[in-house]
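J.: What follows is a single structure, and I will ask about it in a moment.
The values are calculated or read from the model by the stated rules, or taken from the named source; none is laboratory data. Keep in mind that this is a model prediction, so the values were computed, not measured. Every residue, glycine as well, gets a Cβ built from its backbone with ideal geometry; the counts of neighbours run over all protein chains shown. Calculation scope for accessible area: heavy atoms of the full protein, side chains included, ligands and nucleic acids excluded. Shrake-Rupley method; radii C 1.70, N 1.55, O 1.52, S 1.80 Å.
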Amino acid sequence: MRRELFLHTYFPALWMAIMVLAFTVDLLTCRMPRIIRLSVYVAVAAAVLHAFHEFSYITYAREWTKEQCLRAKWLQTWDIDCEHAIGGVRAAVESLAANQTGTNVSVNHSP
């Protein structure tokens with residue numbers, strides 16, 4: 001049986017990485033002129049927002065395509081199953097319901 005990986009087990013390492021990144025950027029830019037330092041801060045913020053957007057499909061179970069999944073695998077060692085993780089939570093629920101009843105079921109989430 002394979003070991004399940006849960007997102008909450010990585011939160012302490014994530015918070016430490018965020019603090020180390022902030023400290024490192026501040027340490028490297030503290031003697032730079034103000035305009036360059038602000039430019040570096042904007043570039044780091046843009047990179048962080050880009051990474052958040054790229055991986056929010058995994059974190060928040062949003063719908064995505066196989067191409068987006070393959071693009072999110074920055075390293076070959078990352079274990080992201082692009083064949084079965086497509087479509088988000090709604091597709092998984094519909095697939096599970098269809099497998100249980102033997103029919104094609106559509107889940108309606110409107111109030």
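J.: Going through 63, 54, 67 one at a time, which residue ends up being touching a Lys or Arg at 6+ places or on another chain (Cβ under 8 Å) and in a helix (DSSP H, G or I)?
T.: Values: 63 fails: in a helix (DSSP H, G or I); 67 fails: touching a Lys or Arg at 6+ places or on another chain (Cβ under 8 Å).
Unique residue meeting the criteria: 54.
J.: Where the second residue is of a type in the set (S, T, N, Q) and the first is at negative phi and lies in segment 40-59, which pairs have Cβ atoms under 9 Å and are six or more apart or on separate chains?
T.: Note: pairs meeting the criteria are 40/29; 41/29; 52/59; 54/68; 57/68.
J.: Which ones in segment 13-33 are farther than 30 Å from residue 64 by Cβ and open to solvent by 60 Å² or more (accessible area, probe 1.4 Å)?
T.: Residues satisfying the conditions are 23, 26, 27, 28, 30, 31, 32, 33.
J.: Still on this model: Which of the residues belonging to segment 34-54 are exposed (fewer than 10 other Cβ atoms within 10 Å of the Cβ) and over 23 Å from the mean Cα position of the chain (by Cα)?
T.: Within segment 34-54, 34, 35 meet the criteria.
J.: Against the condition surrounded by 10 or more Cβ atoms within 10 Å (Cβ to Cβ), within 17 Å of the chain's Cα centre (by Cα), touching a residue at least 24 places away in the same chain (Cβ under 8 Å) and part of a helix (DSSP H, G or I), how does residue 10 come out, does it pass?
T.: Values: surrounded by 10 or more Cβ atoms within 10 Å (Cβ to Cβ): yes; within 17 Å of the chain's Cα centre (by Cα): yes; touching a residue at least 24 places away in the same chain (Cβ under 8 Å): no; part of a helix (DSSP H, G or I): yes.
So residue 10 fails the test.
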